[in-house]
1. Enter the accessible area of E62 (Å², nearest 10), with the probe set to 1.4 Å and all protein chains included.
2. Counting only the heavy atoms of the protein chains, how much of V9 is accessible to a 1.4 Å probe, in Å² to the nearest 10?
3. For K90, K19, give the ranking by accessible area with the largest first, probe 1.4 Å.
4. Do the alpha carbons of any pairs in K45/K127; K31/K92; K20/K78; K19/K127; K19/K90; K19/K45 sit beyond 21 Å of each other, and which pairs?
5. Suppose R0 equals 35 Å. What FRET efficiency, 1/(1 + (r/R0)^6) with r the Cβ-Cβ distance, do H44 and N150 give to the nearest 0.05?
6. On full extension of the chain, what length is gained from N168 through I76, given 0.36 nm per residue of separation minus the C-alpha to C-alpha distance?
7. How do L144, L32 rank by accessible surface area computed with a 1.4 Å probe, from largest to smallest?
8. On a 1.4 Å probe surface of the protein chains, which of T130, T4, T67 comes out largest in accessible area, and what is the full order?
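The values are calculated or read from the model by the stated rules, or taken from the named source; none is laboratory data. Remember, it's a predicted structure, so these values are computed and weren't measured experimentally. Note that each Cβ is placed from the backbone with ideal geometry, even for glycine, and that neighbours are counted across all protein chains shown. Please note that ligands, DNA and RNA were not included when accessible areas were found on the heavy atoms of the full protein model with its side chains. Shrake-Rupley method; radii C 1.70, N 1.55, O 1.52, S 1.80 Å.
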Amino acid sequence: LNTTIVDFVFEVSAKDCNKKVISLGSYFFVKLFEGKKKKQTYIHKNLQKWGTTKDKRCEGAENIYETDIILVPININKQHWVMLYVDVEKRKIQYYDPYHNPRQLGMYCRTMERYLRDEYRNVFGAKDNTEWSIPHKSRCFEGLPLQPPNNSYDCGVFVSMFAYYLVN
């Protein structure tokens, strides 16, 4: 699936539940980093308006800290879809990969935690000293189907269904 379809499914999933859910979209990590592939730099200011009232994704909330759940679809090298599920109230960041491959888990979760801390400072003008829970292994797949190993083309479908399942 392409980014337009995955973003659409994530947005519909976010709006089609009883919780305050936002999807930051598949370009979130693309915008968060600048530079060539091997020398990418984290730049928070690229996303300062994302997750605020100036951002249509954040309907009904002043900032991302007034939401219950944040969804982030991620297209790794334009070849494989994974996602982050952030439970804002429980301060928990989870990584979902249809192949159950935790190789990228740490990098994406730590970067998301850094963004959330920077965003906290941006919104509240203070340092965020609370602990974010990040699993070290992909234990968050209980009850969700995994993509068969011989299927390398349905990861977008699986990630889209993960998003729908997790918010409903």
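1. Accessible area, nearest 10 Å²: 110 Å².
2. Spelled out: V9, probe radius 1.4 Å, area about 40 Å².
3. Values: K90 150, K19 90 Å².
Of K90, K19, the descending order of accessible area is K90, K19.
4. K31/K92; K20/K78; K19/K127; K19/K45
5. Details: r = 40 Å, r/R0 = 1.15.
Calculated transfer efficiency: 0.30.
6. Gain on extension, N168 to I76, equals 30.6 nm.
7. Details: L144 20, L32 0 Å².
So the residues, ranked largest to smallest area, are L144, L32.
8. T4, T130, T67
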